[in-house]
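Some notes on the structure that comes next.
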Amino acid sequence: MRLISQDGNIDVPYEMSALSTGITYDKAVIYIRSKLLDEKPCVFAVYSNKCKALKAMESLRKTYSKNPNYGAEVDFFEDLVFQFPKDDEV
């Protein structure tokens, strides 16, 4: 599956990435680490509160689980794409 950042500037395979949430000042941030991004944490999406960030992550998991091969031993779900929604879309 392809993951696309909230602003559309980053596009990486989900299977080669790790995502985490955190709080920076007054914003909730989703960070990504990927071998394709030199494994440095990179801001992938920003939300006004942690609840919205967690809802976006839940939406990602639901999209990933829609693949008919979910749970099977396959490396990539190339037909799926998920772009993190903007703050006002969550």
*With the dipole of the chain worked out from charges on the C-beta (+1 for Lys and Arg, -1 for Asp and Glu) around the Cα centre, which of VAL81, ALA53, ILE10 lies farthest toward the positive end?*
ALA53
*Past 21 Å, Cα to Cα, is the threshold; run LYS35/LYS55; LYS27/LYS55; LYS55/LYS86; LYS62/LYS86; LYS40/LYS62 against it and keep the listed order.*
LYS35/LYS55; LYS40/LYS62
*Go through VAL90, VAL29 and list them by solvent-accessible area, largest first, probe radius 1.4 Å.*
VAL90, VAL29
_Protein-only accessible surface order, largest first, of ILE32, ILE23 at 1.4 Å_ = ILE23, ILE32
*Once Cα extents along the principal axes in Å is worked out from the coordinates, which option in (i) 41, 30, 23; (ii) 40, 33, 16; (iii) 40, 28, 19 does it equal?*
(iii)
_Most to least accessible of MET16, MET1 (protein chains only, probe 1.4 Å)_ = MET16, MET1
*Could you work out how far helix 50-65 tilts from the main Cα principal axis of the chain, as a 0 to 90 degree angle to the nearest 10?*
10
*What whole-number value in Å² describes the accessible area per residue of the chain for a 1.4 Å probe?*
64
*List every residue whose amide H lies under 5 Å from the amide H of PHE44, counting only residues 5 or more places away in sequence or on a different chain, with H placed 1.01 Å from N in the peptide plane.*
ILE30, TYR31, ILE32
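Please list 44-52, 56-64 highest first by mean number of surrounding beta-carbon atoms within 10 Å per residue. Working shown, then result.
On the way: 44-52: 18.1, 56-64: 15.4.
Descending mean neighbour count gives 44-52, 56-64.
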*State the percentage of accessible surface on the chain attributable to carbon and sulfur atoms; use a 1.4 Å probe and exclude ligands, DNA and RNA.*
49
*Given a Förster radius of 25 Å and the C-beta distance between THR24 and VAL81 as r, what FRET efficiency does 1/(1 + (r/R0)^6) yield to the nearest 0.05?*
0.40
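What does the C-alpha gyration tensor say about the overall shape of the stretch 14-60? Classify as rounded when a/c is under 1.5, otherwise prolate if a/b is larger than b/c, or oblate. Spell out each step's value before the answer.
Numbers: a/c = 3.45, a/b = 1.55, b/c = 2.22.
It comes out oblate by the Cα gyration axes.
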_Antiparallel content of DSSP bridges confined to the chain, in %, to 5_ = 85
_Using a Förster distance of 22 Å, the FRET efficiency for ASP11-MET57 (Cβ separation, nearest 0.05)_ = 0.75
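The values are calculated or read from the model by the stated rules, or taken from the named source; none is laboratory data. Only a predicted model underlies this, so the values are computations on that prediction, with no experimental measurement involved. Note that each Cβ is placed from the backbone with ideal geometry, even for glycine, and that neighbours are counted across all protein chains shown. These area figures cover heavy atoms from the full protein model, side chains too; ligands, DNA and RNA do not enter into them. Shrake-Rupley method; radii C 1.70, N 1.55, O 1.52, S 1.80 Å.
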